Amino acid sequence: MRTVAGSAFATPLLFTGAAPAIAPDPWARANRIAARVRGPKFPHRRFDIRSYGAVGDGVTDCTAAIRTAIRACHQAGGGHVDVPEGRFRTGAVHLLSNVDLHVTAGATLLFSTDPKAYLPLVLTRFEGVELLNYSSLIYAYGQRNIAVTGSGVLDGQAGPDHWWPWKGSSDYGWEPGEPRQAEARAALFAQAEQGVPVARRTYGEGGCLRPSFIQPYRCRNVLIDGVTIINSPMWEIHPTLSENVLVRNVTVSSHGPNNDGCNPESSRLVVVRGCTFDTGDDCIAIKSGRNADGRRVNVPSEHILVENCTFRDGHGGMTIGSEMSGGVREVFIRDCAMSSPNLDIALRFKTNSVRGGFVEGFHARDLEIGEVGGAVIDIDYYYEEGPGHGFNPTVSGIDVRNVTVRTAKRALNLRGYPEAPIRDITLTDVDFGTTATANVIENVENLILKNVTANGAPVTT
C-alpha cells in the first residue's frame, strides 16, 4: 500500500501576513517587497552528511544519510546540513523547518533516475492541478525557514534516457510503445473538472507524471541561493502556496520538456534576484492553478519582484500563465537582460477562456533585450483552447518603460476577445529596434504609447 508524505492537505494555505503597504508609485511598492523578503537565517550548527554515512563516490546511495542529517539538524533547533566536495547520489530530499541544505563548491547532488526513489507519494501540483504524485527531487511540506544554498550543483540526471521520454515526444527520446504521460495527464485533468477529491487523485507509479525539481509546498521563509540546477525532469524551482520566498544567484541550465526555470504558483512575496535562466521552456512563469482546480483553490500569485536576472533560451522570458486561473497581481521586473535566437518572447502573457483568471498590475522597466525570435510583448487570449469556453480572462494594468531591443520578429502581439478586451497597456520610452513584421493588435482598450519606436520610426496604434 502506498502512503502519502505530509499530513492533512484539504485546506489551502491561508496567508496571514500583511501585504506590502499600498503606495501610489508602483516601484515604491517593489522596493517594499525587496526590503521585506530577506531570506531566513540559521543557527551556526553544521551537520556534515558524511558523519551520517554519506559517501561522495557517485555510486553509494546517500538518501538515508541525507535524511538522517536533516532530521538531526531539525531536532537540534536548526542549522546547516553540509554536502561537501564529491558526488553524492540520492533519492528525494525532504527539507524540515530551520534547515539549510548547503551544497558546497565542488559538490554535486546526483538525483536518482529510478522513479521509486521519489515514493511515497506527496501532495503536489502537476501543471496547476493538485494530486498525489512522485515527490519533487527536493520537497518540503508546511515547513518554515528552509533553504538550499551553496555554489555546488544539483543534477537531476534527466535526459533522453530518463524522465524526458515520459513527455511522449520523439524530440526527447520517446519511442512508440514506451510509457508516456498523456493518458494519466488526461485522467488527472478530467478528475479535476469533475471535482474528484484530491485524496483520490493518486498517480506515481505507472502514471509517468514527471516531478518538479525543487518544490516548497505551503512553506514560509524560503531561500534558494547560489546553486546550479541542471538536467531537471520538469519545472525547476516551483514554490507553491508559499510565502516569503527568495531565489537568489541561481543558475538554471536545463533544456528538457516543460523545463521552466522558476514558477511561483499561488505564492506571495517572492523575489527572484541575480539569477541566470537558460531553459527548455519559460524562464520564469507566474502561475496560480489550472482551470476548475485553480478556481477551487482560488489563491493568486501576488507581490512578486524579479530583478538583475539574465534570460537566455526559453519559450518566454518573463511569463504569466498559462495556468493562472487563481489570478496574478502586482508583478514587477526591472534591470534584467534577455537575448537568444532561441528566446521566443520577452514578456509573455498566455491564457484563454478555459484558464480564465486575471492579471492586475504588471510593471517592467530598464530591460535590455537583444535578440528575440518572436514578439517582444505578447498578450495572447488564444493560447491553446482559445475562446468560447465560459471563463474569459482579464488582463489590465500593464506598464512597460525604459526598454531597448536590438532585433525581434515583431514588437507587439496583443490579442484579446471582442467581448473581453485587453485593457490599460502603457508603454513609455521603448525602442523595439529592428522588427521584421507588423504588430498584431486586436481588441485592446486604452493602449498608450509614449516615445515608442521600431525600425527608427514611431509606433502607432
Original post:
Expressed in nm², what is the orientationally averaged projection area of the convex hull enclosing the Cα positions of the chain?
Top reply: 21.0 nm²
**OP:** Give the residue from Ser151, Ala72, Tyr118 lying farthest towards the positive end of the charge dipole for the stretch 20-338; charges sit on Cβ (+1 for Lys and Arg, -1 for Asp and Glu) and the dipole is referred to the Cα centre.
**Re:** Ala72
Subject >> Rounded tilt (10° steps) of 182-194 against the dominant C-alpha axis of the chain >> reply: 70 degrees
Subject >> Cβ-derived FRET efficiency at R0 41 Å, Asn451 paired with Asp48, nearest 0.05 >> reply: 0.10
Subject >> Dipole-positive endmost among Thr434, Val400, Pro24 within the chain (Cβ charges, Cα centre) >> reply: Pro24
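Can you tell me the relative contact order of the chain? Whole percent, Cα pairs under 8 Å, sequence separation 6 or more.
Over the chain, the number comes to 9 percent.
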Original post:
Rounded to the nearest 20 Debye, what is the dipole magnitude of the chain about its Cα centre when Lys and Arg each give +1 and Asp and Glu each give -1 at the C-beta?
Top reply: 1400 debye
**OP:** Return the whole-Å distance between the Cα centroid of the stretch 240-280 and the Cα centroid of the stretch 120-166.
**Re:** 13 Å
Original post:
Roughly how many debye, to the nearest 20, is the charge dipole of the stretch 343-449 about its Cα centre, given +1 on each Lys and Arg Cβ, -1 on each Asp and Glu Cβ, and no other charges?
Top reply: 120 debye
Subject >> Point-charge dipole on Cβ atoms (K/R +1, D/E -1) for the stretch 153-196, about Cα centre, debye to 20 >> reply: 140 debye
Subject >> Selected from Ala35, Leu95, Gly53, residue furthest toward positive end of dipole (the stretch 20-338; charges at beta carbon) >> reply: Ala35
**OP:** Treating the angle as unsigned and between 0 and 90°, give the value, to the nearest 10°, between the Cα long axis of helix 26-36 and the longest Cα principal axis of the chain.
**Re:** 10 degrees
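Values quoted throughout were computed directly from the atomic coordinates according to the rules given, and no laboratory measurement underlies them. Computed from a predicted model, the values in this text were never measured in an experiment. Note that we place each Cβ from the backbone using ideal geometry, even for glycine, and neighbour counts take in every protein chain shown.
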